[in-house]
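What follows is a short report on a single structure.
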Amino acid sequence: MHMSASITCSDLHWSTPDGDAVLSGVSLTFNRERAGLVGRNGVGKTTLLRLIAGDLMPHRGAIMVSGTMATVKQRVQIAPEATIADLFGVTEQLALLRRAEAGDADADALANADWTLEMRIEAALARTSLDADPETPLARLSGGQRTRAALAGAILADPDFLLLDEPTNNLDKDGRTAVLDLLADWRAGAIIVSHDRALLEAMDAIVELSNLGARRYGGNWSHYKERKAIEQAAAQQDLATAEQQVKDTARKSQIAVERQQRRDATGARKGAKGGIPRILIGARKQRAERTGGDNALLAQRLRAAADASAATARARVEKVEDMHIHLPPTHLAPDRTVLQMDAVTAGYDPDAPVLEGFSLHVEGPERIAITGPNGSGKTTLLSLIDGTLTPWAGTISHPVAHAMLDQTAAILDPMLSIADNFARLNPSMNENGCRAALAAFRFRGDAALRRVDALSGGQMLRAGLACVLGGTTPPPLLILDEPTNHLDLDSITAVEAGLRAYDGALLVVSHDETFLEAIGITRQVALRIREANI
């Protein structure tokens, strides 16, 4: 580990293949600190992290890294039959240790063996509170458990910098606590993309990306919010003052012009009456013309100065597009059954069912949170309800229409644009209705024409929400799997407001307790990990 480790980004520029600028002129330096990288969806947070990691190359600018790095991405990609050892990149080293234990390793191999490896793997898994071993297949782990495994693999390498992209997404309460505890004790560098307020409170610095560029704030999330609010208020005040100055300058210029015109008219009338020598009339006319010209030049300079001041002030005000979700009523009757599950057994391995004998009755506009630790079967339950997974035993019926949005927004066709996806999923709406609905979710103009596979994680989830919630008649049953994952905080607030006003039934999987409280959850159904699945 290098005590002088650092990462320097100089004048970074990067655009999408379509030419849309994502990062323009970003210059930042990261030292041995825990830095939270924040900003609205689509401003380039993940792109910046991938540039630093070397997964992308900047179109302009440079990145200099002193020290080692380890990265944990938003989604842990797994190969068939891959294990935790494969994820850690230590499969061959562990195989060498096994041969050594069996007496099948030669002297050269024994000299290269890392005898501390197994102990370090065990310690890394313990730091992320993951009860597993190197031989555990990744396919047996939930999304949250895979994230914890990837984080354990990152710290196993003892890097100078951790690059973490939304590390608490999909994590249960214990997993979030483990990540917070890990970072609280982390003494090397860390760059963390996150919208998790509790995690951001543990940061040493906050780096904000916005349409104004990149800005560093010393301190944690609370300190950043205070400073940001002061800056925004000052910028708005400066803009109001500058715009008033433009108006005042224009008004004064107009008054001066009108006064000069009245003086010129008075002189002309006197000249017409006679009594003033012609030579004197000509001199007065020339003087009036010079004065008028000088006044016009002065007024032009004053207007230019006022306009420049206003432009400078306007450039300091962040352009923010608000998101508003207005859901039409479903008129769901309080006594209407919307979901009935009786003695359902299901899973992926016949020898280890995830759910066994599970029953659930949902009636009227209930708001139910499905809770439980990672691996307890929450996503499996939603797949059963949505019909993408068939139960081995038991029955499932939902007498009313429903819509589901999962963590990956699988409802969207990645090869189509946002607008085309919306039209496909809401065939009764005309183009104007589609555009208006998408605009409410901050997809205005050409933004609605972007292909889904080019979107950031937050933009993709927002597009999925638009397609599910933006139609003329929302379904009486909404099923949401971690709907706040990847969303920026302003979008989360808008989703909370929209769901509070929704009059249908809600079935939500979320580890965000603040979100569950905000949308008025009335009942919790807690799942537990069955011993056969551990």
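If one computes the Cα centroid of the range 501-517 and of the range 107-185, what distance in Å separates the two points?
31 Å
If you roll a 1.4 Å probe over the range 340-462 with all protein chains in place, what percent of the accessible area is carbon or sulfur?
On the range 340-462, the fraction of accessible area on carbon and sulfur atoms equals 53 percent.
With the cut-off at 1.5 for a/c, could you classify the range 166-228 from its C-alpha gyration tensor as rounded, prolate or oblate?
prolate
May I ask you to list the GluC sites (Glu not before Pro) in the range 71-132 that are in a DSSP loop and have at most 13 other Cβ atoms within 10 Å of their Cβ?
Counting only loop positions with at most 13 other Cβ atoms within 10 Å, the GluC sites (Glu not before Pro) in the range 71-132 are Glu81.
Among Lys228/Lys378; Lys45/Lys228; Lys225/Lys378, which pairs are too far apart, with a Cα-Cα distance over 26 Å?
Beyond 26 Å between Cα atoms: Lys228/Lys378; Lys225/Lys378.
Could you give each residue of the range 52-57 its phi-based ³J(HN,Hα) in whole Hz, using Karplus coefficients 6.51, -1.76, 1.60 with θ = phi - 60°, and x for Gly or Pro?
Each residue's phi maps through the Karplus curve to give 5, 6, x, 6, 10, 10 Hz.
For the range 172-238, which whole percent of the accessible surface, found with a 1.4 angstrom probe, sits on carbon and sulfur atoms?
49 percent
Which ³J(HN,Hα) values, rounded to whole Hz and listed in residue order, are derived for the range 197-211 from phi using the Karplus coefficients 6.51, -1.76 and 1.60 in 6.51 cos²θ - 1.76 cosθ + 1.60 with θ = phi - 60°, glycine and proline given as x?
Residue by residue, the range 197-211 yields 4, 5, 5, 5, 5, 8, 7, 8, 8, 10, 10, 9, 9, 8, 5 Hz.
If we sort 424-430, 490-496 on the protection proxy, mean other Cβ atoms within 10 Å, highest first, what's the order?
490-496, 424-430
Can you tell me how much longer the chain between Arg523 and Asp114 gets when fully stretched, taken as 0.36 nm per residue apart minus their C-alpha distance, in nm with one decimal?
Roughly 142.2 nm would be gained on extension.
Given H placed 1.01 Å from N in the peptide plane, which residues other than close sequence neighbours of Val22 have an amide H under 5 Å from its amide H?
The list, which skips near neighbours in sequence, is Trp14, Ser15, Thr16.
Determine the distance separating the Cα centre of the range 352-406 from the Cα centre of the range 423-495; give it in Å without decimals.
24 Å
Computing the accessible area with a 1.4 Å probe over protein heavy atoms, can you report the carbon and sulfur percentage for the range 1-48?
47 percent
Put a dot 7 Å past each Cα toward the Cβ at Thr390 and Ala352; how far apart are the dots in nm?
2.4 nm
Per residue, how much accessible area does the range 453-534 have with a 1.4 Å probe, in Å²?
34 Å²
The values are calculated or read from the model by the stated rules, or taken from the named source; none is laboratory data. All values reported here derive from a predicted model rather than from experimental measurement. Because the Cβ atoms are built from the backbone with ideal geometry, glycine has one as well, and the counts that use them run over all protein chains shown. Please note that ligands, DNA and RNA were not included when accessible areas were found on the heavy atoms of the full protein model with its side chains. Shrake-Rupley method; radii C 1.70, N 1.55, O 1.52, S 1.80 Å.
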